[in-house]
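**Q** Take a look at the following structure, please.
The values are calculated or read from the model by the stated rules, or taken from the named source; none is laboratory data. Fair warning: this is a prediction, and the values are worked out from it, not measured in the lab. A quick note on method: Cβ atoms are made from the backbone with ideal geometry, for glycine too, and the neighbour counts reach across all protein chains shown.
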Amino acid sequence: MPAFSLTSYLLAALGPYARRLWFAAAALCVLALGTLGLVRRSQSDAPPPPPPPVPVRVARVEARDVARQAESVGTVRPLRDVVVRTQIDGQLMRLHVREGQQVARGELLASLDDRPIQAALGQARATLAMNLAQLRAAELDLGRYRTLIAADAIPRQTLDQQLATVEQLRATVQGNRAAIVAEEVRLSYTRIRSPIAGRIGLRNVDEGNLVRVGDADGIFTVTQLSPITVEFTMPQSALPVLQHLSAGGANAAVHAHARDGGAPLAQGRLLVIDSRVGTGNGAVRVKAEFDNRAGELWPGQFVAVRLHTGLLRDALVARPAVLRYGEQDQPYVFRVRPDNTVEIVPVSVRYQDRQQVVLEGVAAGDQLVSDGQSRLRAGSRVSVPIATPAPRA
């Protein structure tokens, strides 16, 4: 039986009241379907909800004086480092100092066997005494000959010969005295003294060994530790600043820091700038002097060097992490506005080191994004914690 015939049959079988109920139910179904379609259409036409705010970290711009400084890596070098060598060949009899001991200038360090030189010195003195006696006798004879020559009792030749003998003996005596001085000098070489005040290094020779003048390593070294210097290099572009700092004897401050953790070690002053620029690397060698009484610096040690080159008054300081670079390496920052949205602000960098950056284009109190910039664009909403100030150098 066709569907429409079945429907007509059912409607005919129902009474008038049931037919009205059936038509009302059908109308309600049509109305419900229409309402559902309108709701779905309105939901598809509504704008999407705004994205959640981006969590970021911010740093507050501060206005303060900033000490400009140039950084480099330097090597600690002593002002004087002396290899103690013997000046004569001989046996090392005794060491009077210990390794690592501090010694004064002129302090006795070691003694050599002096017996051969003492014997030679005694012989030289005896020779001098003998020749002095001969000289005195010859001078007495010369006086007598002059008396006799006045009386024409002896020939002139005898007087001349005696005069020559006296002059010869005088020269011999002078040579004897020089020989004694030479032996005394050699004797002084058997007692080795420190040429400078400093610290004794590790010894290279033990007592009892034969030491020679040609020994390259010497007996040990004496190193001056206070004051001490640090040598480092600066780029050629820094030469005008270095010349200005060294002009008129200005004591430009130099700080030495440990290379591993950056802990400060000592403060010194700019001492001297090399007289030429290196042709190979275009760098200038610089030397700074440190008091080093507490021994913070050690010869041969590598240190980080910070040379103070000037002072920026009322500089606008922030953390280096706030900087971003756009096209053609133009620096910019994300600044947080009062409504917690960000704007892109082009800036100029006046000075930068590891801990701080001095900017132009911002104001004191501005909050700049220091972490999370990769998810931001102009107008982005951000979630801002408490701003941290820029660290002090």
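**Q** Any residue at all in the stretch 61-78 that's at pLDDT 90 or above, in a loop (DSSP other than H, G, I, E, B) and not hydrophobic (A, V, I, L, M, F, W, C)?
**A** Within the stretch 61-78 (the criterion being at pLDDT 90 or above, in a loop (DSSP other than H, G, I, E, B) and not hydrophobic (A, V, I, L, M, F, W, C)), the answer is no, since none of the residues qualifies.
**Q** Oh, and also: Can you pull out the residues in the stretch 245-268 that are surrounded by fewer than 16 Cβ atoms within 10 Å (Cβ to Cβ) and within 15 Å of the chain's Cα centre (by Cα)? Steps first, please.
**A** Quick first cut of the stretch 245-268, residues surrounded by fewer than 16 Cβ atoms within 10 Å (Cβ to Cβ) only: 247-251, 258-264, 267.
Passing the criteria: Ala258, Arg259, Asp260, Gly261, Gly262, Ala263, Pro264, Gln267.
**Q** Kindly indicate whether Thr341 is β-branched (Val, Ile, Thr), surrounded by fewer than 20 Cβ atoms within 10 Å (Cβ to Cβ) and either within 27 Å of Ala70 (Cα to Cα) or without any contact (Cβ under 8 Å) to a residue 12 or more places away in the chain (or both).
**A** Against the criterion (β-branched (Val, Ile, Thr), surrounded by fewer than 20 Cβ atoms within 10 Å (Cβ to Cβ) and either within 27 Å of Ala70 (Cα to Cα) or without any contact (Cβ under 8 Å) to a residue 12 or more places away in the chain (or both)), Thr341 does not qualify.
**Q** Is one or more of the residues making up the stretch 307-316 in contact (Cβ under 8 Å) with a residue 24 or more places away in the chain and not in a strand (DSSP E or B)?
**A** no
**Q** Going by the structure shown, is Pro385 touching a residue at least 60 places away in the same chain (Cβ under 8 Å), exposed (fewer than 12 other Cβ atoms within 10 Å of the Cβ), outside the structural domain of Gln243 (by TED's automatic domain parsing) and not basic (Lys, Arg)?
**A** yes
**Q** Next up: Against the conditions (1) surrounded by fewer than 18 Cβ atoms within 10 Å (Cβ to Cβ); (2) at pLDDT 95 or above; (3) not assigned by TED's automatic domain parsing to the domain that holds Leu109, where does Arg125 fall short? Just the number, please.
**A** (3)
**Q** Looking only at the stretch 100-122, filter to residues that are part of a strand (DSSP E or B) and of a type in the set (S, T, N, Q); which one of those is surrounded by the fewest Cβ atoms within 10 Å (Cβ to Cβ)?
**A** The selected residue is Gln102.
**Q** Inside the stretch 174-253, counting only strands (runs of 3 or more DSSP E) that do not spill past its ends, which hold 1 or more residues that are under 25 Å from Val73 (Cβ atoms) and touching a helix residue (DSSP H, G or I) at 6+ places or on another chain (Cβ under 8 Å)?
**A** 228-235
**Q** Further, regarding this structure: Identify all residues within the stretch 296-329 that are of a type in the set (A, V, I, L, M, F, W, C) and under 16 Å from Val73 (Cβ atoms); write none if there are none. Break it down into steps so the answer makes sense when it comes.
**A** Going residue by residue through the stretch 296-329, those that are of a type in the set (A, V, I, L, M, F, W, C) are 297-298, 302-305, 307, 311-312, 315-318, 321-323.
The answer is Leu297, Trp298, Phe302, Val303, Ala304, Val305, Leu307.
**Q** Another question, then. Taking Val97 and the conditions (1) assigned to a loop (DSSP other than H, G, I, E, B); (2) surrounded by 13 or more Cβ atoms within 10 Å (Cβ to Cβ); (3) in contact with a helix residue (DSSP H, G or I) (Cβ under 9 Å, 6 or more places away or on another chain), which numbered condition does it fall short on, given that it satisfies the others?
**A** If we test Val97 against (1) assigned to a loop (DSSP other than H, G, I, E, B); (2) surrounded by 13 or more Cβ atoms within 10 Å (Cβ to Cβ); (3) in contact with a helix residue (DSSP H, G or I) (Cβ under 9 Å, 6 or more places away or on another chain), just (3) comes out false.
**Q** Answer yes or no as to whether Ala294 is outside any strand (DSSP E or B), more than 15 Å from the chain's Cα centre (by Cα) and buried (at least 16 other Cβ atoms within 10 Å of the Cβ). Spell out the reasoning first.
**A** Values: outside any strand (DSSP E or B): yes; more than 15 Å from the chain's Cα centre (by Cα): yes; buried (at least 16 other Cβ atoms within 10 Å of the Cβ): no.
It is false that Ala294 is outside any strand (DSSP E or B), more than 15 Å from the chain's Cα centre (by Cα) and buried (at least 16 other Cβ atoms within 10 Å of the Cβ).
**Q** Does Thr147 qualify as being in contact (Cβ under 8 Å) with a residue 12 or more places away in the chain and hydroxyl-bearing (Ser, Thr, Tyr)?
**A** Answer is no for this residue.
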